[in-house]
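See below for the structure under consideration.
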Amino acid sequence: MEIVKNLHSYFAYVVLLILLLAVVNAVSGWLGKREFRFDKDLRVSLFALILSHIQLLIGLAVFFISANGLKAIQTLGMGGMNAAARLLAVEHPFTNIIAIALITIGWSRHKKKTEDTAKFKSIAIFYGLGLLLILLRIPWGQWL
């Protein structure tokens with residue numbers, strides 16, 4: 001159990017870094033009207049997509065086996081949780097599922113675009129929104 005929680009915590013640094021890199025790359029490509037290159041731009045975006053999905057799977061495992069996830073909801077009920085417990089059991093998982101869905105939508109939309117600027121714009125907006133949601137619901141007090 002502790003290994004999975006630590007993996008989720010430490011792997012988050014890698015995921016946040018690659019997501020930030022993908023967003024910065026997409027914004028610079030969008031605003032700079034660069035050509036969307038498959039050897040760089042596609043790989044950064046795809047790598048961010050894959051790592052964020054892996055992080056989600058690890059997080060779901062933590063949710064189902066941790067005392068702070070599903071067990072907290074079952075034990076305390078939704079009304080019995082304080083703010084810190086609710087953040088871990090409800091807000092963090094739910095918001096991050098939405099964030100990964102947005103990132104996935106950004107990836108899917110960029111594949112349908114034919115113009116390079118539109119590809120970058122799709123990734124920048126949806127990956128950026130996903131990253132923002134992730135950053136808003138990280139349990140900073142317990143994580144750092």
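Read the figures in this text as sums done on the coordinates, not as results from a lab. Keep in mind that what you see is a predicted model, and the values were worked out from it rather than measured. Neighbour counts run over all protein chains shown; Cβ positions are idealised from the backbone, glycine included.
List of remarks:
- Counting other Cβ atoms within 10 Å as a rough exposure proxy, the listed residues Asp41, Asp116 run Asp116, Asp41 from fewest neighbours to most.
- For the chain, lysine pairs with C-alpha atoms less than 17 angstrom apart, excluding pairs fewer than eight positions apart on the same chain, total 11.
- Which of Met81, Met1 has the fewest Cβ neighbours within 10 Å, and the rest in rising order: Met1, Met81
- Here Lys119, Lys40, Lys111 are placed in order of increasing Cβ neighbour count within 10 Å, fewest first, which gives Lys111, Lys40, Lys119.
- Length gained when the stretch Ala12-Lys71 is fully extended (0.36 nm per residue, less Cα-Cα span): 19.0 nm
- Mean residue ellipticity, 222 nm, helices only, the chain: the sum of -39500 (n - 2.57) across DSSP H runs of n ≥ 4, divided by residue count and rounded to 500, is -25000 deg cm²/dmol.
- Selected from Val14, His53, Leu31, residue furthest toward positive end of dipole (the range 2-83; charges at beta carbon): Leu31
- Computed over the alpha-carbon pairs of the range 2-143, the distance histogram in 5 Å steps reads 2, 11, 19, 20, 15, 12, 9, 6, 4, 2, 0 percent, short to long.
- Within the chain: Cβ-based charge dipole about Cα centre, in debye rounded to nearest 20 (Lys, Arg +1; Asp, Glu -1): 340 debye
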